[in-house]
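The values are calculated or read from the model by the stated rules, or taken from the named source; none is laboratory data. Source: prediction; values computed, not measured. Glycine gets a Cβ as well: all are built from the backbone with ideal geometry, and neighbour counts include every protein chain shown.
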Ligand SMILES: [Zn+2]
């Protein structure tokens with residue numbers, strides 16, 4: 001749901017203006033900031049997605065260009081947890097429009 005233009009429920013006077021908000025390092029979302037009181041709010045839809053990302057311990061990353069290929073950096077916490085190192089073999093799948101990386105096939 002779009003927050004832009006909605007009436008602020010905190011002060012009851014201002015309206016929300018669309019902003020990009022860093023909920024926490026690595027997670028930015030579409031949010032609304034009240035032009036009167038400055039309160040920041042996200043829609044229920046976005047809040048649900050944030051909760052899902054937190055539950056998966058997910059971190060936002062950018063895709064980078066490496067030579068003629070595209071690459072995504074693996075968060076350091078996952079590298080430690082899974083004992084990954086350079087040149088380890090991984091398996092990359094596309095499933096329902098998402099990219100899945102596995103360290104083992106089975
Ligand atoms: Zn307000």
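Look at region 8-35 and say how many of its residues are in contact with a strand residue (DSSP E or B) (Cβ under 8 Å, 6 or more places away or on another chain) and surrounded by 12 or more Cβ atoms within 10 Å (Cβ to Cβ).
Of the residues in region 8-35, 19 are in contact with a strand residue (DSSP E or B) (Cβ under 8 Å, 6 or more places away or on another chain) and surrounded by 12 or more Cβ atoms within 10 Å (Cβ to Cβ).
How about region 58-88: which of its residues are touching a strand residue (DSSP E or B) at 6+ places or on another chain (Cβ under 6 Å) and either under 16 Å from residue 26 (Cβ atoms) or exposed (fewer than 10 other Cβ atoms within 10 Å of the Cβ) (or both)?
60, 61, 63, 64, 70, 72
With respect to residue 71, determine if the residue is away from the ligand (no atom under 16 Å from the Cβ), part of a loop (DSSP other than H, G, I, E, B) and not assigned by TED's automatic domain parsing to the domain that holds residue 20.
Against the criterion (away from the ligand (no atom under 16 Å from the Cβ), part of a loop (DSSP other than H, G, I, E, B) and not assigned by TED's automatic domain parsing to the domain that holds residue 20), residue 71 does not qualify.
So, in region 1-31, of the ones that are under 19 Å from the mean Cα position of the chain (by Cα) and not in a strand (DSSP E or B), which residue ends up nearest to the ligand (Cβ to nearest atom)?
Taking the candidates together, the pick is 3.
Are any residues in region 32-60 within 16 Å of the ligand (Cβ to nearest atom) and at positive phi, and if so, which ones?
38
Please enumerate the residues belonging to region 87-106 that are in a loop (DSSP other than H, G, I, E, B) and out of contact with any helix residue (DSSP H, G or I) (no Cβ under 8 Å at 6 or more places or on another chain).
Passing the criteria: 87, 88, 89, 90, 96, 97, 104, 105, 106.
Could you check region 1-24 and list, in sequence order, the residues that are under 30 Å from residue 77 (Cβ atoms) and touching a residue at least 24 places away in the same chain (Cβ under 8 Å)?
23
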